[in-house]
Amino acid sequence: MHLTQELELFPDHRVTQMLFKEVKNAAGLRQSAVEGKINGALINPTMLVNPFQVLVAANKAVHLQKSGKMKTRSLYSEIIFNLSPNNNISEAFKRFGISDGDDSVMVVVVHNKDESELLADITAKVEGRQIPVEDVSSLSDSAKIKKLYKITPQEEKCGTLLDAVVCRMATKDVM
Amino acid sequence: MAQEKNMAVPQLLSNVELVKQGAEARVYRTEFLGKPTIVKERFPKRYRHPVLDQKLTHRRTVQEVRSILRCRRAGISAPVVYFVDYMSHCIFLEEVVGSLTVCDHIASTQQSESCQDQELEWLAQRVGQILAKMHDEDVIHGDLTTSNMLLRRGPEDPESNLVLIDFGLSYISALPEDKGVDLYVLEKAFLSTHPNTEALFEKLLKSYTASSKKSSAVIKKLDEVRLRGRKRSMVG
Ligand SMILES: Nc1ncnc2c1ncn2[C@@H]1O[C@H](COP(=O)(O)OP(=O)(O)O)[C@@H](O)[C@H]1O
Ligand SMILES: [Mg+2]
């Protein structure tokens, strides 16, 4: 159900995504994340088009961490910030982080080889039903995504919504 | 911490397939986050002053990325940008899988015996349309050649199967003169790379003219630039 991808640029780093719906304890999870008690980024899945979007954000976060150039305080907050099309940190958290009333969450963990313990820890903390990560597209709110990323109808003619979103994320530093 | 050297990108590139070694950049093929990817690396030019070199290289990387986004926003196909490393001046781009440069396509079509004319005319028309659209967005490509256009092959709709690449010398301008020079650069490259294509290039320009409301001023400038070019070559 979870999805693990090795970062080719950082071969000892892997990114694992886990998706939950019917989540009952979003507020508690958010609080734990703020206190640093959860080892992962908690993302609002309605803003995600595809797991690849998260990989692009995670790769950039690890890259900036290794270069000493992160814009936020931790790797996990940096992943959330990298999803955003602009450089406003608090807005990024509002849009892409989870809110107390949310009933679904994507958890993103960056780890080395063995993840089983980390994953078990996350599954234990989330009160909800785990579903396949690929199903994130069934939760995404494409109207909201298009609006936030300012995606034009013409642009969708020359590629997918995912293409458009990823391009915005990857180029935002020079726009 | 801020001074820390992150060598991840150069390390990856030392182990992947080199597709092209150019004068300004090396182009590699690899897999990135599980997807087929092209990495374009701009390397230092030893004859330039290091500070100036660094600035120029940075600017070209930024220019390339910006123009790709500007084109895509307007519905002009260009590769998706996956990741940019501004320290090693590398851009990670979607690989247009199974594509062929327009250059190679024209060359191989010209070589084959059978009914080449129609197909190339259709292509010339498409190129004219796309360049008109690009100029209407005020993007000046700066290095228009048939090698910097890819033909995507596959079931996708024919609208989006021409992909523009190599925007490192691009910039934004609304001036007809800049657009005229852009076309002049293409004309020179086109006619010298592909023998006996004067009529074909005329088709391209005709389609450009028909596709943009602002084309007449651009074509007028193109004529002026041609004349200047000819005069210069008569003197020199
Ligand atoms: N996104 C891509 N997908 C597939 N092939 C590409 C892509 N980008 C570049 N290439 C190939 O690499 C060649 C060189 O790339 P280009 O960006 O034009 O660099 P250069 O500045 O060296 O000309 C192209 O002519 C094309 O054959
Ligand atoms: Mg080129």
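Here are the numbers for the structure shown:
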item: Pick from region B:142-179, criterion at pLDDT below 95 and open to solvent by 60 Å² or more (accessible area, probe 1.4 Å), ranking: nearest to ligand 1 (Cβ to nearest atom); result: B:Arg153
item: Residues that are closer than 16 Å to A:Tyr76 by Cβ and open to solvent by 10 Å² or more (accessible area, probe 1.4 Å), drawn from region A:15-41; result: A:Arg30, A:Gln31, A:Ser32, A:Ala33, A:Val34, A:Glu35, A:Gly36, A:Lys37, A:Ile38, A:Asn39
item: Unique residue being of a type outside the set (Ser, Thr, Tyr), within 14 Å of another protein chain (Cβ to nearest Cβ), buried (at least 18 other Cβ atoms within 10 Å of the Cβ) and part of a helix (DSSP H, G or I) when the list is B:Val65, B:Val84, B:Val39; result: B:Val65
item: Residue match in region B:180-197 (condition: open to solvent by less than 50 Å² (accessible area, probe 1.4 Å), part of a helix (DSSP H, G or I), assigned by the TED database to the domain that holds B:Gly128 and aromatic (Phe, Trp, Tyr)); result: yes
item: Hits in region B:42-62 - residues which are away from ligand 2 (no atom under 15 Å from the Cβ), assigned to a helix (DSSP H, G or I) and open to solvent by 30 Å² or more (accessible area, probe 1.4 Å); result: B:Pro50, B:Val51, B:Leu52, B:Gln54, B:Lys55, B:Leu56, B:His58, B:Arg59
item: Which listed residue is touching a Phe, Trp or Tyr at 6+ places or on another chain (Cβ under 9 Å) and of a type in the set (A, V, I, L, M), from B:Leu175, B:Leu169, B:Leu183; result: B:Leu183
item: Residue count, region B:18-36 (criterion: closer than 21 Å to B:Gly168 by Cβ and more than 8 Å from chain A (Cβ to nearest Cβ)); result: 12
item: Any chance A:Asn39 is touching a strand residue (DSSP E or B) at 6+ places or on another chain (Cβ under 9 Å) and within 10 Å of chain B (Cβ to nearest Cβ); result: no
item: In region A:43-53, the residues that are of a type outside the set (Ser, Thr, Tyr) and open to solvent by 10 Å² or more (accessible area, probe 1.4 Å); result: A:Asn44, A:Val49, A:Asn50, A:Pro51, A:Phe52
item: Enumerated strands (runs of 3 or more DSSP E) restricted to region A:34-152, each holding at least 1 residues that are of a type in the set (A, V, I, L, M, F, W, C) and out of contact with any Lys or Arg (no Cβ under 8 Å at 6 or more places or on another chain); result: A:41-43, A:104-111
item: Identity of the residue in region B:16-35, modelled with pLDDT of 95 or more and in a loop (DSSP other than H, G, I, E, B), that ends up farthest from ligand 2 (Cβ to nearest atom); result: B:Gly34
item: Hey, A:Ser99 at pLDDT 95 or above, of a type in the set (S, T, N, Q) and surrounded by fewer than 20 Cβ atoms within 10 Å (Cβ to Cβ) or not; result: yes
item: Residue in region B:73-81 that is on the phi > 0 side of the Ramachandran plot, away from chain A (no Cβ under 14 Å) and more than 16 Å from ligand 2 (Cβ to nearest atom) present; result: no
item: Selection within region A:54-75 - open to solvent by less than 10 Å² (accessible area, probe 1.4 Å) and under 18 Å from A:Glu91 (Cα atoms); result: A:Val54, A:Ala57, A:Ala61
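The values are calculated or read from the model by the stated rules, or taken from the named source; none is laboratory data. Quantities reported herein were computed from a predicted structural model and do not represent experimental measurements. In this analysis, Cβ positions are derived from the backbone assuming ideal geometry, glycine residues included, and neighbour counts consider all displayed protein chains. Accessible surface areas use protein heavy atoms only, side chains included; no ligands, DNA or RNA. Shrake-Rupley method; radii C 1.70, N 1.55, O 1.52, S 1.80 Å.
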